[in-house]
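Here is the structure we will look at.
The values are calculated or read from the model by the stated rules, or taken from the named source; none is laboratory data. All figures in this text were calculated on a predicted structure; none of them were measured in a lab. Here the Cβ is made from the backbone with ideal geometry for all residues, glycine too, and neighbour counts use every protein chain on show. These area figures cover heavy atoms from the full protein model, side chains too; ligands, DNA and RNA do not enter into them. Shrake-Rupley method; radii C 1.70, N 1.55, O 1.52, S 1.80 Å.
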Amino acid sequence: MQLSDKVQYLKGVGQTRAKQLAKLSIFTLEDLLRNYPRDYIDYTNPYPIAQAPYQTPCVVKAEIYGRQQPVRISNGRTLCRVTAGDESAGLQIAFFNNPWAAEKLQLGKEYLFYGRLSGAPFRREMTAPVFLPADSTAPLTPVYHQTEGIHSAYLAKLCSQALKQLAGQILDPVPAELCEQYRLPRLEEAFQMIHCPHNTQQIAQAKRRFVFEELFYLQLGMKLLHCQGLRANRAKLTNIDLAPFWNNLHFAPTGAQRRAVQEILQDMSGEQPMNRLLQGDVGSGKTLVAAAAIYAAAKNGLQSVLMAPTEILATQHAKTLADLLEPLGIRVALLTGSVKGNPKKQLLKAIAAGQAQLVVGTHAVLSDQVQFARLGLAVTDEQHRFGVRQRGLLAAKAQDPHLLVMSATPIPRTLNLLVFGELDVSILDQLPPGRTPVKTYAVTTQLRGRMFAFLDRQIDAGHQVFIVCPLIEAAEEENPILQEMQSVTEYYDQVAKKLLPKRRIGLMHGRMKSAEKTEVMRQFSNHELDVLCSTTVIEVGVDVPNANVMVIENAERYGLSALHQLRGRVGRGSGESFCILVSDHDTEEVRQRLSLLCHTNDGFEIARYDLEHRGPGDFFGARQHGLPTLKVANAMTDTRALETAARDAATLLETDPTLHDHPLLLAQVEKLFCLAGGFSIN
């Protein structure tokens, strides 16, 4: 047998079981063995039922007293109840949609149960526990994620059977010298240790192996995606006189901006194409730096493209860059999904002919219809919002274009390795003159009346206000978590209009048509509106200097980095600016997070806190980062392993740039990135 064989080849796995296993993404023997245990149960010291801790995974020993008939409950589910107990207390056990588990429990027999206890002190309850006979000899039992019809013990049995049938036939993609260097078990041994451990030391050894392996595959993939085909700089800059560009500015650039431009131009005139991350806090002037690079490219006969995550941001970038570049003879074109018909045809012709020297757009620039005459520079803004596949499609618009990634989210080196595969980094650590720190306050809804009186005074003084709410429409009543969150449409009608009856209030959210959103933003930018009620569609990049107050309702629902981004929408004018965080959640965690935001404007400090407490997925928001899922490794705690894996990946690719000599390794890397929505690396 081989790892690639279908799981149906195992004894006892028929079509029905195969379909159930598919719900856990288990199709092959390798999928089965890479479905790692989520925990291990030590059955050697069970609690008496009455002394077991509440709501904490633990083991209790109980005798089965009775079993009730399955009953149908809401949503078509089946509930099976079993009564059990020991000398100290009774135990009610419930199984949902799993009558087979209840049937396995024999009356009068003792079992060890693992799960979370709830209920009254002498009538405890446990839902869907893992269990085995009390006389079992297994001290350490793996616990797997379950699905309907597939329980943890069954998965453990399948893994044991698979390992026996694959004995001596599992090939290891990781080079043997790396395993020897870091004293890592080979793949077959690691599978044995993690699924059938004899002690906790074996589990730790296996996890160390899988952490390194996972990060090693990830780093190989990231480096291949960023560096494939990079042989020579085909868009090398020779004429890089920026004097006309600097002289055309109506303000003095910061030292950090000049330094970043110098680093970028040095890359663009080097032997290999640029691959650089431009990182700066909100308001640090990244667009100006990108404009300088675009100007230099245009003066060398090269076109540039800038891709932004939303039409609003793309439209704003196009306007800002046109103001900077068109007086210097550089034509800026805006291409979004809203451009249709004849205007789009004319625009595509101008791009193909090289007449549009800069194209600003959304995902529309990735379309096959968009053909460049000589694309030399690709700029992406808020890069973490684009998946691996989109990055590759953008780079494929030309042969080895220079790549400039802009991010207003401060990214520590560890996450730069994880997300970008170690791009060179330029940091804008100075704010342009006139940018003042935003005063931030956390309040409860009890102060909403006073808050709106303050907003009224700010509007009287000629300023404008952003109000951000998490949801678009009223939440369903059956979801209490969403029910407590403000809906932007309800808020607009029932709160903002009532408390600011004489003010001009606009509404914007992601479900509006692009033209509608553009019109609302135009009205707000032109001061035809006093207040804009919006969802986080205004989070990134929207620039209205006259807006000096940002109100964020249900602030506890956002990561700190997202709140910092929203706060960055104000403070762009010369006057005092304010951010008001509204939340009625009084937990210690919420208090700490919002207090940090009230006491610092340092994006790096905020990002570090967010990463430590929420992880990279939440840091970037709802899987927007487009990264392959890490099953074992942790981006924040496995930093040493990540840097080691990055170094070893780079060393291997120096001698085998396409992994031609390591086909098993290449197959693993491609599998990882295909699952993440990526594409074939070769």
Item checked: Count - residues of the range 83-124 that are of a type in the set (Lys, Arg) and touching a residue at least 60 places away in the same chain (Cβ under 8 Å) -> 2
Check: Quick one: is residue 182 open to solvent by less than 60 Å² (accessible area, probe 1.4 Å), among the aromatic types (Phe, Trp, Tyr) and closer than 23 Å to residue 114 by Cβ?
Finding: no
Next item on the list: Determine whether residue 190 is buried (at least 19 other Cβ atoms within 10 Å of the Cβ) and in a helix (DSSP H, G or I).
Entry: yes
Margin query: Give all pairs with beta carbons closer than 7 Å in which a residue from the range 200-217 that is under 13 Å from residue 189 (Cβ atoms) and open to solvent by less than 20 Å² (accessible area, probe 1.4 Å) meets a residue that is of a type in the set (Gly, Ala, Ser) and assigned to a helix (DSSP H, G or I); count only pairs at least 6 apart in sequence or on separate chains.
Written below: 206/190; 209/190; 210/190
Notebook entry, point to check: In the range 105-125, which residue that is surrounded by 14 or more Cβ atoms within 10 Å (Cβ to Cβ) and among the basic types (Lys, Arg) is nearest to residue 93 (Cα to Cα)?
Noted result: 124
Next item on the list: Taking residue 503 as the residue in question, decide whether it is assigned to a loop (DSSP other than H, G, I, E, B) and either crowded, with 24+ Cβ neighbours inside 10 Å or modelled with pLDDT of 85 or more (or both).
Entry: yes
Checklist line | Count of residues meeting criterion [touching a helix residue (DSSP H, G or I) at 6+ places or on another chain (Cβ under 7 Å) and assigned to a loop (DSSP other than H, G, I, E, B)] in the range 360-371 | finding: 4
Next item on the list: Considering only the range 288-307, state which residues are under 14 Å from residue 374 (Cβ atoms) and open to solvent by 10 Å² or more (accessible area, probe 1.4 Å).
Entry: 298, 299, 300, 301
Check: Quick one: in the range 154-172, which of the residues that are open to solvent by 10 Å² or more (accessible area, probe 1.4 Å) and under 32 Å from the mean Cα position of the chain (by Cα) is nearest to residue 650 (Cα to Cα)?
Finding: 172
Next item on the list: Go through the range 1-53 and give me each residue that's open to solvent by less than 20 Å² (accessible area, probe 1.4 Å), more than 13 Å from residue 150 (Cα to Cα) and out of contact with any Ser or Thr (no Cβ under 8 Å at 6 or more places or on another chain).
Entry: 10, 33, 37, 52
Item checked: Unique residue being of a type outside the set (Phe, Trp, Tyr), under 30 Å from residue 630 (Cβ atoms) and within 41 Å of the chain's Cα centre (by Cα) when the list is 78, 56 -> 56
Next item on the list: Working only within the range 349-359, note down all residues that are surrounded by fewer than 19 Cβ atoms within 10 Å (Cβ to Cβ) and assigned to a loop (DSSP other than H, G, I, E, B).
Entry: 353, 354, 355
Check: Of the residues 120, 89, 102, 167, which single one is farther than 21 Å from residue 64 by Cα and out of contact with any Leu (no Cβ under 8 Å at 6 or more places or on another chain)?
Finding: 167
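Residues are listed down the side, and each one gets a yes or a no for (1) at pLDDT 90 or above; (2) surrounded by 14 or more Cβ atoms within 10 Å (Cβ to Cβ):
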| position | (1), (2) |
| --- | --- |
| 79 | yes, yes |
| 82 | yes, yes |
| 87 | yes, no |
| 94 | yes, yes |
| 141 | no, yes |
| 151 | no, yes |
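Matching residues to (1) over 21 Å from residue 645 (Cβ atoms); (2) among the charged types (D, E, K, R); (3) out of contact with any helix residue (DSSP H, G or I) (no Cβ under 7 Å at 6 or more places or on another chain):
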residue	(1), (2), (3)
149	yes, no, no
155	yes, no, yes
179	no, no, yes
202	yes, no, no
210	no, no, no
215	no, no, no
Margin query: Looking at the range 276-286, can you tell me whether even one residue there is touching a Phe, Trp or Tyr at 6+ places or on another chain (Cβ under 8 Å), surrounded by 20 or more Cβ atoms within 10 Å (Cβ to Cβ) and free of Cβ contacts under 8 Å to residues at least 40 places away in the same chain?
Written below: no
Check: Hey, does the range 530-550 have a residue that's open to solvent by 20 Å² or more (accessible area, probe 1.4 Å), assigned to a helix (DSSP H, G or I), touching a residue at least 60 places away in the same chain (Cβ under 8 Å) and touching a strand residue (DSSP E or B) at 6+ places or on another chain (Cβ under 8 Å)?
Finding: yes
Next item on the list: Return the only residue of 583, 574, 595 being of a type outside the set (Lys, Arg), in contact (Cβ under 8 Å) with a residue 24 or more places away in the chain, open to solvent by 70 Å² or more (accessible area, probe 1.4 Å) and at negative phi.
Entry: 574
Item checked: Set 346, 316: member being polar (S, T, N, Q) and over 23 Å from residue 374 (Cβ atoms) -> 316
Notebook entry, point to check: Of all residues in the range 257-275, how many are in a loop (DSSP other than H, G, I, E, B) and surrounded by 20 or more Cβ atoms within 10 Å (Cβ to Cβ)?
Noted result: 2
Notebook entry, point to check: Only one residue in 254, 320, 310, 362 is over 20 Å from residue 401 (Cβ atoms), in contact with a strand residue (DSSP E or B) (Cβ under 8 Å, 6 or more places away or on another chain) and either buried (at least 19 other Cβ atoms within 10 Å of the Cβ) or of a type outside the set (A, V, I, L, M) (or both), so which one is that?
Noted result: 254
